[in-house]
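Contents: one structure, followed by commentary.
Laboratory data are not the source of any read-out in this text; all were calculated from the coordinates shown. As the structure is a prediction and not an experimental result, all values here were calculated from the model. Methodologically, a virtual Cβ is constructed for each residue, glycine included, from the backbone with ideal geometry; neighbour enumeration extends over all protein chains shown.
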Amino acid sequence: MNENLADKMKRKLSAKSITAIVLFGAIILTFVFMGAPGKLGMGVGSAAQVNNTLISIADFQNEENRVAEYYKNIFGSQMDFSSQRQLLRQQAIENLVRMELVSQAAQKAGILATDQEVADFIMKDVPFFQQNGQFQREFYKSYLENSRTSAGNFEQKIRKDISNIRTRHLFEIANRTPAAELGKMQELRGGKINVSFVKIDEDALIKAMTKEKAEAAIKALDEALAKGDEAAVNAQLKEMKAGWEETGLVEIGADQFPKITSRVATESIFELTKAQPLLKRIVRDGNQKYVLKLKDTKMEAGKALEPNVLEMTQKRRGDGMFEAWVNQFRKNSHVTMNKQIMEM
């Protein structure tokens with residue numbers, strides 16, 4: 001994400017929407033209160049380093065407790081934390097490294113959190129700091145003492161959380177489907193195609209003809225397809241005792257077509273056109289060979305896109321772009337983890 005795009009997206013986000021998003025952080029904080037940090041040996045140093053930023057042992061311990069509490073809530077007594085300790089620690093350190101990478105990438109892109117947003121979150125959005133709806137400073141100080149952190153460090157974490165959540169949200173906004181594309185998707189949902197195909201099992205063909213004759217027949221079929229000579233194709237198929245089948249009318253964009261079990265063949269179907277209905281090559285998927293031809297098309301009134309389907313599609317698109325962005329930043333970053341903490 002370049003800086004210009006970030007600037008445009010930031011202007012579309014109100015302080016109110018960010019506060020609502022950051023409410024998720026209040027849930028995360030509950031895990032910190034549920035258990036005091038464990039004790040790793042002194043002198044271990046930092047848990048990890050991301051470029052010029054060190055991740056402290058205290059942060060690592062808090063994150064390990066949070067991850068453990070998360071799994072405890074899901075699996076209960078079935079979770080054997082003693083045997084899974086190393087996995088928990090690995091996830092904890094990965095979580096912290098990833099959060100720091102996103103924070104640094106966001107800062108580089110100019111995606112920041114204001115002092116007012118940090119203050120509003122602490123004073124208004126964390127229920128543990130409130131009594132009767134009012135912020136209680138002594139509760140806040142008690143938390144800082146119990147978690148062995150300073151107000152500056154804690155507020156810096158909140159700042160990073162806000163910018164990290166804002167960054168992911170920006171990707172979701174940037175990848176929302178435009179109205180024109182929605183119309184095209186709606187139109188395509190009304191389109192149906194019927195595909196003729198021939199499925200050839202090379203092993204069965206060899207048993208029926210010998211290996212040399214089978215290879216020669218497949219080669220001749222491929223040459224006939226390349227020329228677009230449908231009569232020669234049909235003659236060769238007859239010699240191979242292979243016949244045409246049909247999928248029947250199937251909605252455009254379907255993940256599967258009846259009777260066609262090959263993903264490679266399914267993807268090749270979308271190369272067929274009315275101008276060139278016969279695919280000019282054999283589709284090869286291991287021992288299976290396919291000949292494809294567009295038989296028929298039909299347009300109907302398109303079904304409305306379900307809101308949840310559209311939302312999931314847009315979220316997957318945004319998540320994919322976000323992951324690619326973070327991974328690219330990680331490739332250009334210096335990341336080291338303290339292996340010693342995994343073995344304690």
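Given a Förster distance of 30 angstrom, what is the FRET efficiency for LYS213 paired with LYS274, based on the Cβ-Cβ distance and rounded to 0.05?
0.25
More than 23 Å apart: what percent of Cα pairs in segment 190-299 qualify? The partial results should precede the final answer.
Numbers: 1523 of 5995 pairs.
Of all Cα-Cα distances in segment 190-299, 25 percent exceed 23 Å.
Computed FRET efficiency, Cβ-Cβ of GLU239 and SER83, R0 51 Å: what is it to the nearest 0.05? The partial results should precede the final answer.
Values: r = 63 Å, r/R0 = 1.23.
Once rounded, the FRET efficiency stands at 0.20.
Once label points are set 7 Å from the Cα along Cα→Cβ at both GLN134 and GLN156, what is their separation, rounded to one decimal in nm?
Output for this residue pair reads 3.3 nm.
Going down the list LYS207/LYS289; LYS213/LYS241; LYS241/LYS295; LYS199/LYS238; LYS160/LYS331, which pairs span over 19 Å between their C-alpha atoms?
On the way: LYS207/LYS289 16 Å; LYS213/LYS241 13 Å; LYS241/LYS295 21 Å; LYS199/LYS238 13 Å; LYS160/LYS331 21 Å.
Long pairs (Cα-Cα over 19 Å): LYS241/LYS295; LYS160/LYS331.
Just to verify a number: FRET efficiency for TYR70 and ASP285, C-beta to C-beta distance, R0 = 41 Å, to 0.05? Before the final figure, lay out the partial values.
Details: r = 42 Å, r/R0 = 1.01.
With R0 = 41 Å, the Cβ-Cβ based efficiency is 0.50.
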